[in-house]
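Visitor: I am attaching a structure below and will ask some questions about it afterwards.
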Amino acid sequence: MESKLARDVRFLKIYACLATLICGVLFLCAFTFQTQKPKFEEINVERLNVVEKDGKLRLIITNRERSPGPVEHGIPYGPSGGRRTGLIFYNDEGTENGGLTLGSYRKGDRYEASALLGFDQYDQDQSVVLQYYEHDGRRHAGLAIAEYPTSITNRQRTEQYEQANKLPDGPAKQQTLDKLAELDAKTRGYFGKDESGAVVLRLADGNGKTRLRLRVDAAGLARIEFLDDSGKVVRALPDTGKNM
């Protein structure tokens, strides 16, 4: 008859073999799961942050409510979040440098809709903008090229505007705002369709003043205009004897 000691030894051997087998299976399963990327047929998310390995933010995909405010070198400034829906891009220094946003709004018979793809000048706002905008049946769409001064960053200009708007109304406040306006973007070029239905090309000088304008209106009439720095047409083709 088998002794109790022999039965216990046999049980321990069987237990050890089973435990080893189970551990091996779990190890293989864990290794397989680590090498396979998760796959989702559909996912609902209010905001998705794309980051580098060190946690540096590079892209945000967001709804309106969870959208961020502007950031420069990791420092938030200006209006708070909850203002835009789409994709927001960030550079290596933690500064927002472009995005794709869109939206629409309707109240009764009135409405507006927009879509914008923009890329920012370094430490500034939008320098290249592809935009569509419509309100109450009137629409324009086009590509604009702008430039900003390098003597001030977008955050600094925004903060100075905030301080200026806190001043009491009067000549001093207006003078401060006019001085700041000199640091705003200067549109150097634009190509698109305006609200009249005309397709236009405008080229401007360093002060943002249009100096050359090409235009084809909704009826198909074409015109080329040369302007001086005051906005006066000094030459036109065809020469109709009047400004458009």
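Visitor: Do any GluC sites (Glu not before Pro) in the stretch 54-111 lie in a loop, going by DSSP, with at most 11 other beta-carbon atoms within 10 Å of their beta carbon, and if so which?
Guide: Details: sites: E65, E72, E93, E96; in loops: E65, E93.
Here the sparse-neighbourhood loop sites are E65.
Visitor: Right, something else. Per residue, how much space in cubic angstrom lies within the convex hull of the C-alpha atoms of the stretch 47-188?
Guide: Details: hull volume 20.1 nm³, N = 142.
So the per-residue hull volume is 141 Å³.
Visitor: Excluding G142 itself, what net charge comes from residues whose Cβ is under 12 Å from its Cβ, given Lys and Arg +1 and Asp and Glu -1?
Guide: Net local charge, G142 excluded: +1.
Visitor: Further, regarding this structure: If you filter the stretch 139-244 for trypsin sites (Lys or Arg not before Pro), then keep DSSP loop positions with at most 13 other Cβ within 10 Å, what is left? Display every interim value, and only then the final one.
Guide: On the way: sites: R139, R155, R157, K166, K173, K179, K186, R188, K193, R202, K209, R211, R213, R215, R223, K232, R235, K242; in loops: K166, K209, K232, K242.
Passing both the DSSP loop test and the Cβ count: K166, K232, K242.
Visitor: May I pose another question? At 7 Å along Cα-to-Cβ for each site, give me the label-to-label distance between D184 and S104 in nm.
Guide: With each label placed 7 Å out from Cα toward Cβ, I get 3.0 nm.
Visitor: For the pair E46 and A113, what calculated FRET efficiency results from E = 1/(1 + (r/R0)^6), where r is the Cβ-Cβ distance and R0 = 25 Å, to the nearest 0.05? Before the final figure, lay out the partial values.
Guide: Values: r = 22 Å, r/R0 = 0.88.
Result of the calculation: an efficiency of 0.70.
Visitor: Grab the other residues whose beta carbon is less than 9 angstrom from that of L214, score K and R as +1, D and E as -1, and report the net. Walk me through the numbers on the way to the answer.
Guide: Numbers: positive: R202, R213, R215, R223; negative: E225.
My count for the surroundings of L214 gives +3.
Visitor: Here is a further query. Student exercise: in the stretch 82-198, how many lysine pairs 8 or more apart or on different chains have Cα atoms under 26 Å apart? It would help to have the intermediate numbers written out before the result.
Guide: Values: K107/K193; K166/K179; K166/K186; K173/K186.
So the count works out to 4.
Where a number appears in this text, it was derived from the coordinates with a stated rule and is not lab data. For clarity, every value in this text was computed on a predicted model and none was experimentally measured. Here the Cβ is made from the backbone with ideal geometry for all residues, glycine too, and neighbour counts use every protein chain on show.
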